[in-house]
1. Given R₀ = 22 Å, FRET efficiency for A12-S146 by Cβ-Cβ distance, to 0.05?
2. Let's test the formula: R0 of 35 Å, r as the Cβ-Cβ distance of T62 and L115. What FRET efficiency results, to the nearest 0.05?
3. Given all pairs of different Cα atoms, what value in angstroms does the Kirkwood hydrodynamic radius of the stretch 212-252 take?
4. Of the cross-linked pairs K32/K97; K8/K247; K36/K98; K8/K98; K32/K104; K104/K235, which ones have a Cα-Cα span greater than 28 Å in the structure shown?
5. Using only the Cα atoms of the stretch 1-52, build the gyration tensor, take square roots of its eigenvalues as a ≥ b ≥ c, and label the shape rounded, prolate or oblate: rounded if a/c is under 1.5, else prolate if a/b is larger than b/c, else oblate.
6. In square nanometres, what is one fourth of the surface area of the convex hull spanned by the alpha carbons of the stretch 71-133?
7. Measuring from a point 7 Å past the Cα of N188 along Cα-to-C-beta, which residues in the stretch 53-95 have an amide N at less than 20 Å?
8. So what's the gap between the Cα centers of the stretch 178-197 and the stretch 1-75, to the nearest angstrom?
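Values in this text are rule-based calculations from the coordinates and carry no lab data. Only a predicted model underlies this, so the values are computations on that prediction, with no experimental measurement involved. As a convention, Cβ positions derive from the backbone with ideal geometry for all residues, glycine included, and neighbour counts pool all protein chains shown.
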Amino acid sequence: MSRIDLFKEDLAAKKAVKIIAGIDNFDIENVKKVVKSAEVAGASAIDICADETIVSEIRNMTDMPMFVSSIVPSELVRAVELGADAIELGNFDVLYKKGVSFSKSDVLRLVDQTLEMLGENRVFFSVTIPGEISIADQIELARELSERNIDLIQTEGHFSADKQADGVRGLMERAELTLSNTVELARNVEIPIMTATGINPTTAPFAFAAGASAIGCGSCINKMNSELSMIATAKQLVEIAARNAEKIAELV
């Protein structure tokens, strides 16, 4: 069984957990800590930036299914050559801070360029659905991606400079948009959905309840200073996902 098959099994069981180091995280020591926490916790996959040195070093460090994220097709293709098991076009939310935005046509253009460049070296392909385009465009984009045999779509929320509430309310505010996008997409498309942005042990159960087959978790782990805290949080997320799979199995 290949590495990506392990991720696919968790995805089918609706218990996949992807731990995200960050599309703009080039701190190799931090990335290593994130990867180690994911590995110890038994997460389904890790997701790292497209820096060639980091991709090579992390590939040599772990046998976990490894996603590489970028919005540059050539970087995604190179990552496959370096051993990536999956590619993620997106994680756009971090780029919104820099004033970069993406339309439905922008995403499709980048997807088509990537597919053309990959040719016969096609791997598991995930695409982020921009969280700030209309829900009608999100649904249409998801359908067009399905026609292109994209394996997974990832929802997102948005970055806001406004002060958020403290405690649980703030956590829910951060995840509100990505959760609502998950609900709408799950109702309208068959392609598996990964919910990301603001997903943590508090909001993860809501992501699965909204229809996600997977969760993508980044800042709740990669912003921590303690490796023990990273591992503990990753374990919580894996346990939440496992409970979701158990509930589904009971209903079958």
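1. 0.85
2. For T62 and L115, the calculated efficiency is 0.85.
3. 11.4 Å
4. K36/K98; K8/K98; K32/K104; K104/K235
5. On the way: a/c = 2.35, a/b = 1.92, b/c = 1.23.
Cα axes put the stretch 1-52 in the prolate bin.
6. Its average projected convex-hull area is 4.2 nm².
7. Output list for this probe position: 91-93.
8. 21 Å
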